[in-house]
1. With unit charges on the beta carbon (Lys/Arg positive, Asp/Glu negative), name the residue among Met186, Gly105, His123 whose Cα is farthest towards the positive pole of the charge dipole of the stretch 105-218.
2. Excluding residues fewer than 8 places away in the same chain, name every one of the lysines whose C-alpha is closer than 29 Å to that of Lys138.
3. Going by Cα centres, the stretch 1-54 and the stretch 166-182 are how many Å apart?
4. Rounded to the nearest 500 deg cm²/dmol, what is the calculated helix-only ellipticity per residue at 222 nm for the chain, with -39500 (n - 2.57) per DSSP H run of length n ≥ 4?
5. Hand me the GluC sites (Glu not before Pro) from the stretch 18-122 located in a DSSP loop with no more than 14 other Cβ atoms within 10 Å, in residue order please.
6. Evaluate the charge dipole of the stretch 81-212 about its Cα centre and quote only its size in Debye, nearest 20, assuming +1 on the Cβ of each Lys and Arg and -1 on the Cβ of each Asp and Glu.
7. For the stretch 8-77, what is the charge dipole size about the Cα centre, in debye to the nearest 20, if Lys and Arg each add +1 at the Cβ and Asp and Glu each add -1 at the Cβ?
8. For every other residue with a beta carbon closer than 15 angstrom to the beta carbon of Arg209, add +1 if it is Lys or Arg and -1 if Asp or Glu, then tell me the sum.
Amino acid sequence: MNTKKPSMTARKVALNLITLGSQPGMTAILPQGIVDATAKLLVASGVVGERTIRWARSPKMVAVYNAFDWMLPGQFEAFGQRKAFCEQQVRDGISTGAVQILVLGAGYDTLCWRLAAEFPGVHFFEIDHPATAALKSKGIDAMGRRENLHLIAEDLGERKLLDVLRADTTWDINAQSVIIAEGLVMYLTTEAVQSLFSQCAAIVGKGSRFAFSYIPEG
């Protein structure tokens, strides 16, 4: 990944989600408001224009996705399923006492922005590398920043998560928390994954949970 440029993978995932939202039956799976919020964020941040959003939502684009899905069934629906899974983990965590939510490698995900308004007593944190985080921050400002939403621009390949959060005066290492790593660990080495899990365990309190997605080898 070139950390000096905004993530093209994050852009692709967000556009995939918008196309997925035009698929019949997906409204029953995707979290409420996620598609419109994602489209709004992409435009507000300058990642894409309105024309690209319209194309992503078009029947032609849906047909293209269906054609690719025929070769590898479920590859695109998986984006929606993992979004729904992660959001449910956050909601379940909050219902059992979590007061901090952390999304690693957030990209253009809107979970924290949407839920920060719903749960004003919970602090929501995102960490992403600076190039992507800068665009995300621009879009969030245009959409309306939440007081309990904290966007952290850091390259975790250069600075440890443990050090980043210990230096943050708002993050409480003893608080019950939920950490989300969606579409992240498959890009890391085995050693890096082990280190990440260990660091996460060291920055949260009792009753915390860590939700992640992965792709098995083979």
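1. His123
2. Hits, sequence-local ones excluded: Lys4, Lys5, Lys12, Lys40, Lys83, Lys160.
3. 26 Å
4. Numbers: 9 runs with 105 residues, N = 218.
My calculation for the chain gives -15000 deg cm²/dmol from helical runs alone.
5. Answer in residue order: no site qualifies.
6. Values: 13 positive and 16 negative charges, 51 e Å.
For this selection, approximately 240 debye.
7. 240 debye
8. Values: positive: Arg91, Lys206; negative: Glu87, Asp92, Glu182.
Around Arg209, the charge tally is -1.
The values are calculated or read from the model by the stated rules, or taken from the named source; none is laboratory data. Everything quoted here is computed from the prediction, not taken from an experiment. Ideal geometry is used to build each Cβ from the backbone, glycine not excepted, and the neighbour counts take in all protein chains shown. Side chains are part of the model used for accessible areas, which takes the heavy atoms of the whole protein and leaves out ligands, DNA and RNA. Shrake-Rupley method; radii C 1.70, N 1.55, O 1.52, S 1.80 Å.
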